[in-house]
Amino acid sequence: MPITPTKKIWMDGQLVDWDAANVHVLTHSLHYGSGAFEGIRAYPTERGVAVFRLRDHIERLVRSCKILMIDCPFSVDEMVEACKEIVRVNELNDGCYLRPIVYLGYGEMGLNPLPSPVNVAIAAWPWGTYLGDDGVANGVRTKVSSWQRHDPNAVPTAAKSTGAYVNSSLAKVEAIKAGYDEAILLAPDGKVSECTGENLFIVHDGVIYSPLHSDQGSLEGITGQTIERIAADQGVEVRYETLIRSDLYLADEAFLTGTAAEVVPISSVDDRVIGDGTPGPITKKVQSTYFSAVRGEVERYDFWLDYV
Ligand code: PMP
């Protein structure tokens, strides 16, 4: 997905020109994957552009830092303000994607990260649908990956750490090379975990199911939590349970959720067509409410929006 440059990037409290927002080649995180990051979206609303669940994302960033023993030099409030500032100064009034990253900078080399300086950057740019407009409308073809999700005792899966994404990239490339849109990763115990950058949900007999985050090492997704609330308000229960591969094959509906991807129907898993291959009624309903909520069209969900 190409990046569209904007004017400024926030770096350690300063607004830096886009082209000058560089790091040294000996930046610790570049070598050892020792960073934490977030993906956030802002959407246009009738009251101006608003960042969706901004504080929830920044709080997760701080939790990721805690797990990685990175002492983040900025508070949640400061980073929330910085996110809004970067949308404002770049005049991203039609919405955008925001990428805050806390990384270990230049100064130390070697596997002990503790003496390294900690840097924070926040970039924002306009970004279209992550899995394509057709995927959002008609569903994506998925494949169970030969790559496993991390064991949480190998790489902590509750942290959105930069290094952990080697695993997702391997799975994504394998799926794309095999002609699919997205990969589904299984946990080391063989149970279903999540996709490369999205949580996974299935619908069976009117109930939505998703794997347990703590057991199957999936990230606690904010979009998934949003869908949980939207579904509950529509009288549809979401249960977090262990899922096995054949549960996916036999699902009535399936969809994936993520800030970048948003809410995307799954049309097939390992070439087994889900339902009739088109987005099912529960998927369509929660998806359309999600798109209305992020755009400020549903009053009861206005508390999720941070107006810039
Ligand atoms: N799992 C992984 C591995 C992810 O990278 C993401 C994206 N952050 C998600 C799930 C979904 O999380 P969210 O809905 O908070 O974007």
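Some observations on this one:
- Qualifying residue in the stretch 50-68 (condition: closer than 23 Å to Tyr130 by Cβ and among the hydroxyl-bearing types (Ser, Thr, Tyr)): yes
- Every residue from the stretch 159-194 that is outside any helix (DSSP H, G or I), open to solvent by 30 Å² or more (accessible area, probe 1.4 Å) and not small (Gly, Ala, Ser): Thr162, Tyr180, Asp181, Pro188, Asp189, Lys191
- Hits in the stretch 139-158 - residues which are more than 13 Å from the ligand (Cβ to nearest atom), crowded, with 23+ Cβ neighbours inside 10 Å and in a strand (DSSP E or B): Val140, Thr142
- The stretch 222-253, residues that are within 16 Å of the ligand (Cβ to nearest atom) and either open to solvent by 10 Å² or more (accessible area, probe 1.4 Å) or hydrophobic (A, V, I, L, M, F, W, C) (or both): Ile222, Gln225, Ile227, Glu228, Arg229, Ile230, Ala231, Val238, Tyr240, Leu243
- Listing of helices (runs of 4 or more DSSP H) fully contained in the stretch 46-138 that carry 2 or more residues being closer than 22 Å to Tyr165 by Cβ and open to solvent by less than 60 Å² (accessible area, probe 1.4 Å): 54-68, 76-89
- Count of the stretch 20-41 residues which are open to solvent by 80 Å² or more (accessible area, probe 1.4 Å) and under 29 Å from Glu262 (Cα atoms): 1
- All of (1) on the phi > 0 side of the Ramachandran plot; (2) touching a Ser or Thr at 6+ places or on another chain (Cβ under 7 Å); (3) at pLDDT 95 or above hold for Asp205 with one exception: (2).
- Residues (among the polar types (S, T, N, Q) and either at pLDDT below 95 or more than 24 Å from the chain's Cα centre (by Cα) (or both)) located in the stretch 1-21: Thr4, Gln14
- Test: Ile244 is farther than 29 Å from Ser161 by Cβ and over 20 Å from the mean Cα position of the chain (by Cα): no
- Among the numbered conditions (1) within 18 Å of Leu250 (Cα to Cα); (2) within 11 Å of the ligand (Cβ to nearest atom); (3) open to solvent by 10 Å² or more (accessible area, probe 1.4 Å); (4) among the small types (Gly, Ala, Ser), the only one that Gly197 does not meet is (1).
The values are calculated or read from the model by the stated rules, or taken from the named source; none is laboratory data. In this text the structure is predicted, and so the values were computed from the model without any measurement. All Cβ positions, glycine included, derive from the backbone under ideal geometry; neighbour counts span all protein chains shown. Side chains included, ligands, DNA and RNA excluded: accessible areas come from the protein's heavy atoms. Shrake-Rupley method; radii C 1.70, N 1.55, O 1.52, S 1.80 Å.
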